[in-house]
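The values are calculated or read from the model by the stated rules, or taken from the named source; none is laboratory data. Here the structure is a predicted model, which is why all the values come from computation and not from measurement. Here Cβ is always computed from backbone atoms with ideal geometry, including for glycine, and neighbour counts include all displayed protein chains. Side chains included, ligands, DNA and RNA excluded: accessible areas come from the protein's heavy atoms. Shrake-Rupley method; radii C 1.70, N 1.55, O 1.52, S 1.80 Å.
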Amino acid sequence: MSGKRIPTVLCFMVLGVALFRPAPIQAQEPGQSIHIKSSLGVEYFSRTIVWDEGLYSSKLKAAIGVLRAELELQKSFTIGAFAGYTLSNFNGLIFRQLPFSIDYEAGNIGGLLWGADVDTILFVVGDYTIGATAQFAMSLRSTAEFEILSLNQKGDLVAKRKWNRVLGGPVIRYTGYEYFTPFLSIAYNRLWGTFTLSETIVDLEGTEEKTITGKGIVGITVGTVYEPSALFKLKAEVTALPYTKIGGGLDVDYGASVKVVVFF
Amino acid sequence: MRKHHWALSLALAGCLAVFIGFVAGGIPRLEEETDYVPGQVLLKFRSWVPVWRRVAALSNVRSRAVSRITRLDVFVVQIPDEAKVEDMVTAFNRNPDIEYAEPNHIFRAAVTPNDIYFKYQYALFNKGQDIDWVPGGPQGKPSADIKAPSAWEETTGKEDVIIGILDTGVDLTHEDLKNKILPGYDFVNDDPDPTDDHYHGTMVAGVVGAETNNGKGIAGIAWKGKILPVKVLNDYGEGRASDIAAGISWAVEHGAKILNLSFAAPSENITLGTALKDAFENKDVFIAAAAGNDNTAVYYPAAYEKYVCAVAATDYNDERAVYSNFGYEIDCAAPGEKILTTIPSYLTTPLAPFPYGYGWGTSMASAHVAGLAALIKSIKPSLKPGQIMNIIRYSADDVNASVYKGKDEFLGYGRINMEKALVPLKITN
């Protein structure tokens, strides 16, 4: 998918979820239909990425911590925004167009991240609800510097990376338990970004930018929300994202997240 | 709970178990290409540990022995698919019943060509072997070489990189060269037959780009690069500046991106200098030249320091060859002492029937640099010749650092290192 089409898809997903009229789950008491919540969330994912026009692959491993503000307009419709910090590990990228080729194995580069999400319930069937969710996350461009010490002249490297992720799709929740709400989601899940490396060794200079794209576009997420009181809830989920390996064969990437939500 | 939905509950429990595994770092999934066999660990129990405890130690972590190296009493253990080898090794090594556990590492052969005389080419790979096929000859110092096999893992060149050999011509029928040679020209006799009537050009051509991995003779540095023979030296190994300048221009016009000039003279020549400048600045041609073999100041054309990579010679111990010319113009060094290479077929005799022999001098050293430049050009075609020169300079090993640290007038930046010049440098934190 081209870079220009991705924002379009994102807009359709967010608008699609937002414009669906939420199903009336139960009578809402006046004054209780809008809640503001805040949450603290952590997430880890490992995602196979391809680069150099799909010729090579490696992993993007990211650990994310966010603070999130959430507006629950009705019991069935929530919109949120979040901001936080991510450690993103692009180990395995190889830059062969620099004067001296570089095998990047320097680990995490930290940086800020923000995003927004929408969640709605569309239908209620017995103890099950069927809804939709969409999220956009952007890890802002961040920079790290490294030294080249293996040559007879000292060199410097400046790495800049950024990535974006959009995901969205239907969610089925089971509401038959008192405290737990297990859910299953099959979601479109797209990741893309860039990693740029600039090299300077005395008078040798070069810059190479890699456009990276996540393999796989549909992920399966299972998880549960634990809500022991009206003031607090805990959400945990794991995601499996199957993809086709370069050269054939199937493999799966994984991710997991935990979110603690406090109501105001 | 209002209802029991067992299937959903089980799915949820499984999901939570996996999640807890993630958070706790329990059994993370193997995700990267590794340098060991995925899913396997080598393990040795202490000798007194009874069988039942061995079995329990493995089954407790859902592992099993798949084979045993009887003499060493070492087991090859299969670990759970989802487990990470490093974590399992750590866990096993905490068990007091286990003497040691380690990954089942994969050992890979570096690219070693099958050319039968490759073992004598210490310049490419020196493990301290005999470097003379006559018994009693010298042995090299291990690693006093240009690290060719590991560099060949990155590239063996490309056919569209043309290397101009301006010399006495090349033996066009040589078994190890004939498939590598493009139609050239003879500027000495002004005809299109650049056959070598000396021997020097054939020797240089073999170092740069002898046909490699063909089960014959020697290995060239640029396996796939094409050789453009341009005869500018006569059968005495001498040439006129006018022929050399014309040969340079002709080679450039015929697509050469690398030139090797393994000849030298103490006098500057404006015409020759102009031809080199034009090739370097206007045609992006990399030029390697021999510094000279008279243990004196660097000769021309190597002394044109702006356009030419001036190459000194080292030996099989990584020491400067005593005859190698010196001066601030020296950019780097390469092996030049006792270099096994191709010789013209007509020089073979019943007593010496193989068209291979040893060469000495900065001519051989320059040919190594030209071959390396051809490999760099093949994987980074957009680089300018000055950039290629700097890559060769900065990646060199400062082998005389104990005496002259940094760039010096004897070996320049040092003896070239193909591995550092070509293989991606690993950047870690």
* Asked: If we keep just the residues of the range A:118-135 that are open to solvent by 20 Å² or more (accessible area, probe 1.4 Å) and under 17 Å from A:Arg190 (Cβ atoms), which is nearest to the other protein chains (Cβ to nearest Cβ)?
  -> A:Thr133
* To do: Find all pairs meeting these conditions: Cβ atoms under 9 angstrom apart; at least six residues apart or on different chains; first residue within the range B:85-102 and in contact (Cβ under 8 Å) with a residue 60 or more places away in the chain and more than 7 Å from B:Val41 (Cβ to Cβ); second residue open to solvent by 20 Å² or more (accessible area, probe 1.4 Å) and among the small types (Gly, Ala, Ser).
  => B:Asp87/B:Gly25; B:Asp87/B:Gly26
* Structure fact -> Of the residues in the range A:155-204, those that are under 30 Å from A:Tyr226 (Cβ atoms) and within 9 Å of chain B (Cβ to nearest Cβ) come to A:Tyr174, A:Gly176, A:Tyr177, A:Glu178, A:Tyr179, A:Phe180, A:Pro182, A:Leu184
* Any hit, the range B:141-157, residues being open to solvent by less than 40 Å² (accessible area, probe 1.4 Å), touching a strand residue (DSSP E or B) at 6+ places or on another chain (Cβ under 7 Å), in a loop (DSSP other than H, G, I, E, B) and free of Cβ contacts under 8 Å to residues at least 40 places away in the same chain -> no
* In the range B:279-296, the residues that are without any contact (Cβ under 8 Å) to a residue 60 or more places away in the chain, open to solvent by less than 60 Å² (accessible area, probe 1.4 Å) and either on the phi > 0 side of the Ramachandran plot or touching a strand residue (DSSP E or B) at 6+ places or on another chain (Cβ under 7 Å) (or both) -> B:Ala279
* Asked: Mind checking whether some residue in the range A:173-191 is among the aliphatic types (A, V, I, L, M), in contact (Cβ under 8 Å) with a residue 60 or more places away in the chain and under 30 Å from B:Ile416 (Cβ atoms)?
  -> no
* Asked: Failed condition for A:Asp251, given (1) among the charged types (D, E, K, R); (2) open to solvent by 30 Å² or more (accessible area, probe 1.4 Å); (3) farther than 18 Å from A:Arg47 by Cα; (4) outside any loop (DSSP other than H, G, I, E, B), with all others met?
  -> (3)
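Inside the range B:312-429, counting only strands (runs of 3 or more DSSP E) that do not spill past its ends, which hold 3 or more residues that are within 14 Å of another protein chain (Cβ to nearest Cβ)? Give the steps one after another, and end with the answer.
Values: elements: B:330-335, B:339-342, B:356-359, B:425-428.
It comes to B:330-335, B:425-428.
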* Structure fact -> Expected output for the range B:338-350 (first residue under 16 Å from B:Trp133 (Cβ atoms) and without any contact (Cβ under 8 Å) to a residue 40 or more places away in the chain, partner surrounded by 20 or more Cβ atoms within 10 Å (Cβ to Cβ) and of a type outside the set (Phe, Trp, Tyr), Cβ below 7 Å, 6+ apart or cross-chain) is B:Thr348/B:Pro355
* Asked: Going through the range A:201-235 one residue at a time, which ones are open to solvent by 10 Å² or more (accessible area, probe 1.4 Å), among the hydrophobic types (A, V, I, L, M, F, W, C) and under 22 Å from the mean Cα position of the chain (by Cα)?
  -> A:Ile217, A:Val218, A:Ile220, A:Val222, A:Val225, A:Leu234
* To do: Kindly provide the set of residues from the range A:160-200 that are of a type in the set (Val, Ile, Thr) and crowded, with 22+ Cβ neighbours inside 10 Å, ordered by number.
  => A:Val166
